[in-house]
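Structure record follows, encoded as structure tokens.
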Amino acid sequence: MISNEELASGLLKKATSKGITAGDVVIVEGNSFDAQVRLKSIDKLSNAHEKKLGLRLFFGRRTAVCSTSDFSSESLDRLVEDTCHLARCTAEDPHAGLPEPAPLDPPDLDLYDESILKWKMEDKIELAVQAESAALEYDPRITNSEGAGLSHSDRRVVYSNTHGVVGSYPVSSVSFSVSPIATSQDSMQRDYWYSSKRKVRDLASAETVGRTAARRALRRVGARKIRTGEFPVVFDPETAAELLGSVSACVSGYSVYKGASFLADRLGKAVAASSVTILDNGTIPSALGSRPFDGEGLATRKTTVIKKGILESYLLDSYSARKLGLHSTGNAVRSIGDVPSVSHTNFYLVPGSHTAEAIIRTVKRGLYVVEMIGFGVNHVTGDYSRGAVGLWIENGELTYPVEEITIAGNLRDILMNIELVGNDLELRSTIASPTLKISRMTVAGN
Amino acid sequence: MADALERAEEFFLKKFNLEERQLEQTIGKALGKKIDYADLYFEYRTNEAVSLEEGMVKKAIKSVNQGVGVRAVAEEKTGYAYSDEITIKNLEEAARTARYITSDPSVGGPVEVKSGTVPRNLYPIGTPVSEIPVQEKIDLLNRIDQLARRYDPRIKKVMASFASEHKVVLIATSDGLIVGDVQPLSRLNVTCIAEENGNRQVGSFGGGGRIEYSFFLENHRFEDYVKTAARQAIVNLSAVEAPAGTMDVVLGPGWPGILLHEAIGHGLEGDFNRKRTSAFTGMIGKQVASDICTIVDDGTIPDRRGSLNIDDEGTPSHRTVLIEKGILKGYLQDKLNAKLMGMSPTGNGRRESFMHIPMPRMTNTFMLSGETHPEDIIRSVTNGLYAVSFGGGQVDITSGKFVFSASEAYRIENGKITVPVKGATLIGNGPDVLKRVTMVGNDLEMDAGVGTCGKDGQSVPVGVGLPTLRINGITVGGTK
């Protein structure tokens with residue numbers, strides 16, 4: 001059996017014999033496991049091995065991508081034929097092409113936990129059961145559960161291109177979560193909590209996750225609507241990270257060159273309050289967003305996106321960089337069946353000095369947001385309007401829960417109006433933020 | 001319709017060098033004394049997409065995905081394993097893994113499977129879209145680009161994409177059924193960005209279904225997609241701040257049916273109701289909407305994006321009445337939840353692919369026409385919002401709170417549509433919102449065919465439909 005590296009270089013050789021001028025191959029092979037338990041017994045178990053290959057070919061400035069999970073030799077021959085055919089049909093794009101050749105010496109970012117493969121099924125299920133039990137036993141008002149889930153995956157990524165760049169790395173990830181339901185009279189509230197890491201030993205305890213999930217569901221019990229008005233709004237770290245997610249999408253080189261971002265043409269300008277510094281760092285050891293090289297074989301790095309409120313850099317791959325007359329920031333991502341695109345690695349807002357409690361204490365009347373739903377974000381204009389769940393702040397104290405309300409503003413103003421930045425940053429996911437206070441937003445309710 | 005089955009069965013057996021007998025043995029291996037049900041789901045799918053931006057079709061992609069999923073069910077437990085290599089060794093391995101949910105070591109003997117029947121073919125297709133030369137699709141996108149730019153000089157950017165899927169499935173179950181389907185799906189999307197004095201606004205439209213390529217060229221369809229996207233972007237150039245607070249809202253026909261999908265549909269899926277985690281738990285027979293509202297989920301409408309000959313467990317699709325004259329009538333079921341709840345499957349067991357476990361999902365969800373003329377509905381509102389197009393929506397099943405975001409909306413003042421307003425999110429409570437419906441138009445329209453529904457990380461194509469509707473008092477999340 002040939003290695004995936006040999007498979008990749010073999011395909012590029014075959015394509016070269018068809019007259020292509022450049023190309024690259026990505027192969028991802030790995031395993032995934034998912035267990036759901038509910039009310040302490042197994043609900044769903046799923047297990048799989050997967051292998052997929054993506055081939056991108058260029059005829060000069062024309063390009064196409066094909067992918068397959070069928071590795072028969074006829075299928076691979078057809079893959080090369082199809083890719084060549086499609087590439088010949090597309091338009092000449094003066095900016096198309098591989099990145100300039102650069103030596104690839106991927107650092108070991110410690111992203112792989114080999115103990116995942118030896119983890120016993122009983123122990124995995126037991127962890128999920130314990131986490132759910134911790135939630136169910138936390139308070140008698142926790143009466144039901146959507147269950148607890150545990151999943152992990154491990155995979156090996158191989159990249160190879162016609163500049164002779166070849167690289168590979170293994171990655172793993174593991175996470176578990178609990179979704180308890182709290183009841184009062186005739187209404188129900190669900191919330192959840194999770195722990196997600198590269199390595200089993202770094203996970204939070206079942207107890208911590210279960211109890212946190214229970215507390216989060218309980219604090220929503222008895223939620224009511226509030227009246228419409230303009231108020232200060234404090235985002236907890238989870239919802240602040242969602243705000244940041246919109247920023248990440250709007251600094252993507254693709255949204256920028258297409259004019260589909262409110263941050264297009266704003267490089268070097270003040271786009272946020274001076275307390276705001278946002279970094280993207282793909283090289284943090286063991287972090288969920290880290291990778292040794294990006295989707296076109298370029299080393300990842302640390303990029304300052306916003307420095308003290310000034311927009312310093314977009315996130316770019318080689319194509320969007322050429323379109324904008326800039327250089328790649330090593331942010332290419334490659335879903336196997338698609339052309340490269342841009343995504344953040346570990347994208348976070350640098351913490352300030354205030355505790356979350358101190359920030360809440362500064363609010364006389366306002367909203368503490370703990371969950372947002374919906375897709376009411378317009379990246380082109382920055383208009384922002386989403387459903388929210390939260391706790392009402394009265395005289396610096398959290399009081400009763402609120403729901404069936406929206407919060408709205410424009411991202412330009414929201415970023416400028418970040419009045420306080422918390423000290424509670426934790427890289428729980430690939431996007432992370434400390435608590436943030438926005439001086440004013442429109443809250444719509446009754 | 002034995003045709004699609006024979007094609008599917010022959011396709012898989014031949015391609016992977018398998019015999020029907022081996023499938024029967026694999027189902028047996030997944031079964032044991034304590035396993036109630038087992039099935040195999042084979043899938044072979046090709047996807048192709050071309051897209052245009054900056055006046056160039058610079059992206060063309062094609063993918064092949066294949067695999068098999070093996071499922072074993074014991075009471076409420078599901079064991080699942082899948083493989084993208086379809087060999088007898090992997091099938092047996094997957095069957096062993098799926099059985100892990102019971103510790104019982106007994107293994108069943110082969111289960112004889114008989115060809116099931118598919119009652120009708122809802123999407124008979126002469127030439128699959130995948131067989132139309134890619135150059136024709138590229139030419140279409142280039143025409144779209146020119147049309148959009150000609151619509152108004154303020155249209156500065158045009159993005160368009162054409163995507164098609166050809167999916168062959170084969171399902172073999174321990175009920176003794178083997179049934180297959182060939183499921184085509186395509187969509188065409190157009191997005192325009194208009195610009196004027198530094199003000200940039202976006203408009204989008206698209207459509208599709210389980211149809212032939214000629215669908216897009218007939219009845220000015222693609223031209224209409226272009227005009228709608230371009231018009232929306234231009235309209236939004238003059239949009240004012242959306243209002244904030246509770247007000248009367250009129251929803252236009254068609255795509256605003258996403259209201260039903262979020263507010264009602266998800267909460268009526270069998271799994272949430274079996275687990276008693278839905279805001280609609282235990283409400284069958286109760287009034288959940290005003291008596292002018294009748295809502296159905298119908299997977300049997302020819303050619304539509306949400307339609308299916310059979311669901312992903314082999315059950316023929318149905319038309320299910322969810323709400324009749326305001327009274328909650330039924331849930332959407334897959335096999336597992338139907339059995340546990342003592343109900344019948346409704347043909348709503350769906351999955352994204354062989355990599356996923358089926359669950360109850362919607363197909364095409366819509367409200368039947370009422371009796372009021374749409375103009376009378378608008379004329380009846382003194383101060384409100386008229387929303388005609390929406391982006392996505394989301395629902396919290398347990399609390400019942402749902403949102404959906406308008407992308408084209410206008411103020412209604414004294415019975416007249418006046419200024420366009422910026423996009424805003426509408427939020428409401430599922431079990432309550434349809435009780436506030438006071439007028440239903442006589443103009444039911446289905447959406448144009450671009451909907452995708454996400455649940456538990458699985459995406460499936462769906463449709464929605466709505467007549468013009470007046471809702472009294474819903475919260476509008478604007479800024480003014």
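The values are calculated or read from the model by the stated rules, or taken from the named source; none is laboratory data. For clarity, every value in this text was computed on a predicted model and none was experimentally measured. Ideal geometry is used to build each Cβ from the backbone, glycine not excepted, and the neighbour counts take in all protein chains shown. Calculation scope for accessible area: heavy atoms of the full protein, side chains included, ligands and nucleic acids excluded. Shrake-Rupley method; radii C 1.70, N 1.55, O 1.52, S 1.80 Å.
At most 16 other Cβ atoms within 10 Å and a DSSP loop assignment: could you name the GluC sites (Glu not before Pro) in region A:1-95 that fit?
Answer in residue order: A:GLU92.
Within region A:59-212, what whole-number % of the accessible surface is contributed by carbon and sulfur, with the 1.4 Å probe and all protein chains included in the calculation?
The nonpolar share, carbon plus sulfur, comes to 47 percent.
I need the phi-derived Karplus couplings for region B:107-120: 6.51 cos²θ - 1.76 cosθ + 1.60, θ = phi - 60°, integer Hz, Gly and Pro marked x.
With coefficients 6.51, -1.76 and 1.60, one gets 10, x, x, x, 10, 5, 10, 10, 4, x, 10, 9, x, 6 Hz.
Please list, short to long, the whole-number percent of alpha-carbon pairs of region B:144-235 in consecutive 5 angstrom bins beginning at zero.
Binned Cα distances yield the sequence 3, 14, 20, 15, 12, 9, 7, 6, 5, 4, 3, 2, 1, 0.
How far apart, in nanometres, would the label points at B:ASP152 and A:ASP202 be if each is projected 7 angstrom from Cα along the Cα-to-Cβ direction?
Those two pseudo-labels are separated by 5.0 nm.
Once phi is turned into ³J(HN,Hα) by the Karplus curve 6.51 cos²θ - 1.76 cosθ + 1.60 with θ = phi - 60°, what whole-Hz value does each residue of region A:168-184 show in order, with x for glycine and proline?
Couplings: 8, 7, x, 9, 9, 8, 8, 8, 9, 8, 9, 10, x, 10, 9, 10, 9 Hz.
Just the number, please: Stokes-Einstein D of region A:214-330 in µm²/s, Kirkwood Rh from C-alpha pairs, 37 °C, 0.692 mPa s. Provide the component values of the computation, followed by the final result.
Numbers: Rh = 16.5 Å.
D = 198 µm²/s.
State, in square angstrom and to the nearest 100, the accessible area buried between chains A and B, both chains counted, probe radius 1.4 Å.
Its buried surface, counting both partners, is about 5900 Å².
For region B:394-480, what size does the Cα cloud have along each of its three principal axes, sorted from largest down, in whole Å?
44, 28, 26
For a quick check: with amide H placed at 1.01 Å from N, whose amide H comes under 5 Å from B:THR363's, ignoring anything fewer than 5 positions away on the same chain?
Those lying under 5 Å, H to H, from B:THR363 are B:ASP298.
Just tell me the longest site-free run in chain B, where the sites are GluC sites (Glu not before Pro) in a DSSP loop having at most 11 other beta-carbon atoms within 10 Å.
For GluC sites (Glu not before Pro) (loop position, at most 11 other Cβ atoms within 10 Å), the longest site-free span of chain B is B:20-370.
Taking trypsin sites (Lys or Arg not before Pro) that fall in a DSSP loop and have at most 11 other Cβ atoms within 10 Å as cut points, what is the longest piece of chain A between them?
Working: sites that count: A:LYS120, A:ARG227, A:LYS269, A:LYS364.
Between the exposed loop sites, the longest stretch runs A:1-119.
What does the convex hull of the Cα atoms come to per residue for region A:305-446, in Å³?
Taking only Cα atoms, region A:305-446 has a hull volume of 140 Å³ per residue.
Using a Förster radius of 35 Å, what is the FRET efficiency between B:VAL240 and A:TYR400 based on their Cβ-Cβ separation? Nearest 0.05, please.
Numbers: r = 34 Å, r/R0 = 0.96.
With a Förster radius of 35 Å, E is 0.55.
If you keep only loop residues by DSSP, which GluC sites (Glu not before Pro) in region A:355-446 have at most 14 other Cβ atoms within 10 Å of their Cβ?
Qualifying residues, ordered by number: A:GLU426.
Largest first and in whole Å, what are the equivalent-ellipsoid semi-axes of region B:57-140 based on the Cα gyration tensor, each being the root of 5 times an eigenvalue?
Equivalent-ellipsoid dimensions as semi-axes: 39, 19, 12 Å.
Binning at 10 angstrom from zero up to the longest distance, how are the C-alpha pair distances of region B:320-360 distributed in percent?
31, 42, 23, 4
How big is region A:1-140 in terms of Cα radius of gyration and Dmax, in angstroms?
Values for region A:1-140 (Cα only, Rg and Dmax): 22.3, 70 Å.
Calculate the dipole size of region A:344-414 relative to its Cα centre from +1 charges on Lys and Arg beta carbons and -1 charges on Asp and Glu beta carbons; express the result in debye to the nearest 20. Walk me through the intermediate numbers first.
Details: 5 positive and 8 negative charges, 45 e Å.
I would put it at about 220 debye.
In Å², and per residue, what accessible area does region B:1-120 have when probed at 1.4 Å with the other protein chains present?
In whole numbers, region B:1-120 has 42 Å² accessible per residue.
What is the Rg over Rh value, at two decimals, for chain A, using alpha-carbon atoms and the Kirkwood definition of Rh?
When Rh is taken as the Kirkwood radius, the ratio is 1.01.
Please average, across the residues of A:136-145, the number of beta carbons from any other chain that are within 10 Å of each residue's own beta carbon, and give a whole number.
1
For region A:46-117, just the Cα atoms, rotate onto the principal axes and tell me the three extents in Å, largest first.
48, 33, 20
Specify whether the C-alpha gyration tensor of chain B places it in the rounded, prolate or oblate class, a ≥ b ≥ c being the square roots of the eigenvalues: rounded for a/c under 1.5, otherwise prolate if a/b is larger than b/c and oblate if not.
oblate
Would the protein assembly as shown count as rounded, prolate or oblate if I go by the C-alpha gyration tensor, calling it rounded below 1.5 in a/c and otherwise prolate when a/b exceeds b/c, oblate otherwise?
rounded
Which whole-Hz couplings ³J(HN,Hα) result when phi for each residue of region B:64-70 is put into the Karplus expression 6.51 cos²θ - 1.76 cosθ + 1.60, θ = phi - 60°, listed in order with x for Gly and Pro?
Calculated HN-Hα couplings, in order: 10, 10, 9, x, 9, x, 10 Hz.
Note the angle between two axes, namely the Cα long axis of helix B:88-98 and the longest principal axis of the Cα atoms of chain B, as a number of degrees from 0 to 90, rounded to the nearest 10.
Helix B:88-98 and the main axis of chain B meet at about 70 degrees.
Find how many whole Å separate the alpha carbon centroid of region B:203-258 from the alpha carbon centroid of region A:199-259.
31 Å
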